[in-house]
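Working notes, structure below.
The values are calculated or read from the model by the stated rules, or taken from the named source; none is laboratory data. What you are looking at is a predicted structure, and each value in this text was computed from that prediction instead of being measured. Don't worry about glycine lacking a Cβ; one is built from the backbone with ideal geometry, like all the others, and counts go over all protein chains shown. We work out accessible area using only protein heavy atoms, side chains counted, and drop any ligands, DNA or RNA first. Shrake-Rupley method; radii C 1.70, N 1.55, O 1.52, S 1.80 Å.
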Amino acid sequence: MNPVFRSYLVVLVGLLVVAGGLLAVLRFGFKKNVDHAWKAYRGWLIIIPLVFTALWFGRLTTIIFFTLLALGAFSEFARATGLYRDWWMTGIVLLGIAAVGVVSYVDTPVTGEPGWYGMLMALPVYVVSAILMIPIIRDRAKGQLQPIALALLGFIYMGWMFGHLAFLANARNAYGYLLYLLFAVPLCDIAAFTFGRIFGRRKFRPNISPNKTWAGALGAFAVSMAFPWLVRFSFPELGTRELLLAGVIVGVGSQLGDLSISVIKRDIGIKDMGALLEGHGGVLDRVDSLIYVAPLFFHMIRYFRGLG
Amino acid sequence: MDEWRYQPTEDFDQAPIERLKNFPRHPDLFVYAARSLTNLVIRGLMRVWHRLEIVGRENLPAEGSFVMVANHGSHLDAPAMLAALPLGKIHRAFPAAASDYFFTNLSKLVFSAIVVNAMPFDRKENPRQSLALCRQLLDAPGHILILFPEGTRTLDGTLGKFKPGIGFLTAGTGTPVVPCYLDGAYRAWPKGKWIPRPRKLRVIVGEPMQFRDYAPEKEDALKIAEALREAVIRTSHAPI
């Protein structure tokens with residue numbers, strides 16, 4: 001077993017056991033109402049084994065896993081905005097997202113490197129033109145800008161940007177990078193929540209996400225900056241500059257991702273994007289913080305270290 | 001600039017499994033794709049394994065809503081009846097299926113809701129409400145309701161008595177009712193057997209009937225049920 005994979009597995013199993021024990025003590029020892037936390041915990045009991053299983057089987061299953069998440073996230077977005085009623089638009093975006101998965105898996109022509117990076121970068125051109133072609137084929141203009149805009153956002157944001165995670169499966173140190181991100185991003189969320197609860201007074205963005213505070217945001221940033229050093233075993237090849245950048249990317253990107261989806265939810269007037277897992281909402285509610293982080297981290301690593 | 005108007009789908013805040021329990025179901029791209037694909041595969045398998053043959057397809061009304069009734073020999077019946085319809089129409093065709101049997105666990109629910117597009121029919125507690133739902137379906141244009149008026153699969157291959165529900169549903173309406181005979185379904189997959197046997201399967205589609213001059217009362221409903229039962233028997237003897 002890959003040593004990085006094993007380390008994360010041990011840590012996560014340990015955390016689940018401790019958290020479960022803590023909940024049990026609070027519930028039965030102190031007779032506290034932990035229903036809400038228990039629902040979230042049950043969700044993690046499904047999510048964490050699922051992630052480890054997908055990654056354990058290797059590159060193909062990892063790519064399929066992230067592609068399915070992207071398809072699920074976009075479908076929720078399409079349902080919530082009503083874009084889903086337009087099957088052609090929705091279908092083209094779904095095909096585009098599947099294409100992100102395919103180009104992440106196939107080798108680069110001529111060089112034979114795993115993953116077709118050039119096509120990943122070029123895909124938005126093709127998908128955007130395919131989306132714009134739909135009203136042209138229908139010969140209809142009235143009311144078309146809204147579905148076009150929603151489909152573009154859906155593909156670029158939930159498909160392509162998030163899809164960079166799937167492409168990271170091609171990196172030599174895929175386990176290190178992916179497990180770091182999958183651990184660091186929820187940790188940033190939890191840190192924001194915890195710091196906010198303890199120190200939070202001034203609201204951060206009250207019209208978008210009324211529970212977020214400046215203290216929470218800054219605390220989460222600080223935790224995210226320190227975290228790469230704590231899990232340095234994940235990527236011994238990275239230097240101080242890259243570790244700093246990883247911290248900034250997670251500390252800023254994950255909060256930005258969270259807030260961006262909150263903007264969409266607030267505008268539509270809904271609380272959650274879906275209801276896949278009780279206590280977690282939909283896929284998009286769970287992965288929103290990863291969306292900015294994925295491409296930023298990917299390009300940082302590719303620029304400084306290369307993937308291979 | 002004007003605000004955009006969002007219209008979230010009615011089921012956006014439901015878990016995927018919960019969505020399958022809705023009836024009427026909201027149109028869903030994934031479900032339609034899965035249904036088309038599985039039905040295509042099932043048709044292919046039935047053609048190979050059961051040498052499925054559809055006779056009298058020209059008797060199916062080209063447009064408008066109608067009801068198809070047939071004898072009930074096995075679990076192959078609903079997919080076989082769907083196979084008699086063009087693939088594009090299966091999303092608007094609803095075989096009535098016992099809610100106490102087909103909607104009780106996850107695998108049956110997935111099969112009933114996605115593959116067969118079944119309408120949950122409460123044959124025990126509230127058949128009247130289910131009939132009202134059938135009527136509602138038929139009021140919409142282009143819907144096809146598939147009913148097995150015996151109410152359950154045959155135990156010995158013989159045609160049982162038809163329940164009067166079909167009579168209440170169609171009495172005094174112009175809704176065409178198409179009697180069909182499923183030949184070989186019982187031999188292919190009798191109740192209690194685990195897998196279908198490779199026996200010949202034939203769907204014979206009879207001529208549509210209407211019951212405009214009947215009243216939605218018990219007496220007339222029983223007459224309609226009996227008339228349809230006889231029509232199904234006649235269809236079974238139709239020259240092929």
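Just the number please: accessible area per residue for chain A, 1.4 Å probe, all protein chains included, in Å².
Ligands and nucleic acids excluded, the result is 48 Å² per residue.
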Handout entry: Translational D in µm²/s for chain B (Stokes-Einstein at 20 °C, 1.002 mPa s, Kirkwood Rh from C-alpha pairs)
Key = 116 µm²/s
Exercise for the section: Please determine, in degrees from 0 to 90 and to the nearest 10, the orientation of helix B:218-236 with respect to the longest principal axis defined by the Cα atoms of chain B, where the helix direction is its Cα long axis. Expected result: 70 degrees
Handout entry: Full-extension gain in nm, A:Val102 to A:Lys203, via 0.36 nm per residue minus C-alpha separation
Key = 32.1 nm
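If you count, for every residue in A:81-88, the Cβ atoms of partner chains within 10 Å of its Cβ, what is the mean? Before the final figure, lay out each step's value.
On the way: counts 6, 7, 4, 9, 6, 1, 5, 1.
The mean count of partner-chain Cβ atoms within 10 Å per residue comes to 5.
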Fill in the blank from the handout: The simple spin-label model distance between B:Tyr6 and A:Tyr41, using points 7 Å out along Cα→Cβ, in nm, is 3.3 nm
Exercise for the section: May I ask you to derive the relative contact order of chain A, considering only C-alpha pairs under 8 Å and at least 6 residues apart, and to give it as an integer percent? Expected result: 19 percent
Problem - Cross-link partners of B:Lys124 among aspartates and glutamates (Cα-Cα below 13 Å; sequence separation of 8 or more within a chain) - result: B:Asp100
Fill in the blank from the handout: Gyration tensor on Cα atoms of region A:250-306, a ≥ b ≥ c root eigenvalues, a/c under 1.5 rounded, else prolate if a/b beats b/c, else oblate, says prolate
Fill in the blank from the handout: Per the charge dipole of the protein assembly as shown (beta-carbon charges, Lys/Arg positive, Asp/Glu negative, Cα centre), the residue among A:Phe65, B:Ala98, B:Gly151 reaching farthest to the positive end is A:Phe65
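Could you give the dipole magnitude of chain A about its Cα centre, charging the beta-carbon of Lys and Arg +1 and that of Asp and Glu -1, in debye to the nearest 20? Before the final figure, lay out each step's value.
On the way: 27 positive and 15 negative charges, 185 e Å.
The dipole of chain A has a size of about 880 debye.
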Practice task
Starting with the highest mean, order A:92-101, A:190-199 by the number of other Cβ atoms within 10 Å, averaged over the residues of each peptide.
Solution key: A:92-101, A:190-199
Problem - Share antiparallel - DSSP beta bridges, region B:46-148, percent rounded to 5 - result: 0 percent
Problem - Mean Cβ neighbour count within 10 Å, used as a protection proxy, ranking A:78-91, A:119-132 highest first - result: A:78-91, A:119-132
Handout entry: Residue-averaged [θ]222 nm for chain A, counting only DSSP H segments that reach four residues, each worth -39500 (n - 2.57)
Key = -23500 deg cm²/dmol
Practice task
Taking each pair of different alpha-carbon atoms in chain A once, compute 1/r for the pair, average those values, and report the inverse of that mean as the Kirkwood hydrodynamic radius in Å to one decimal.
Solution key: 20.4 Å
Handout entry: Projected area averaged over orientations for the protein assembly as shown, convex hull of C-alpha atoms, nm²
Key = 32.6 nm²
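In peptide B:11-18, how many Cβ atoms from other protein chains are near each Cβ within 10 Å, on average? Display every interim value, and only then the final one.
Numbers: counts 3, 16, 11, 4, 6, 5, 1, 1.
Partner-chain Cβ atoms within 10 Å, mean over residues of B:11-18: 6.
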Exercise for the section: Any chance you could list P(r) for region B:60-144, counting all Cα-Cα pairs in 10 angstrom bins from zero, rounded to whole %? Expected result: 17, 50, 31, 2
Practice task
Taking a cut-off of 22 Å between Cα atoms, list the lysines near B:Lys200, but don't count ones fewer than 8 places away on the same chain.
Solution key: B:Lys191
Exercise for the section: Determine the relative contact order of chain B: mean sequence separation of Cα pairs under 8 Å and six or more apart, normalised by residue count, in whole percent. Expected result: 26 percent
Handout entry: region A:142-225 shape via C-alpha gyration tensor axes, a/c threshold 1.5
Key = oblate
Fill in the blank from the handout: Averaged over residues of A:274-287, the number of beta carbons from other chains lying within 10 Å of each residue's Cβ is 2
Completion exercise
The pairs in B:Lys89/B:Lys163; B:Lys108/B:Lys163; B:Lys89/B:Lys218 lying past 30 Å Cα-Cα in this model are B:Lys89/B:Lys218
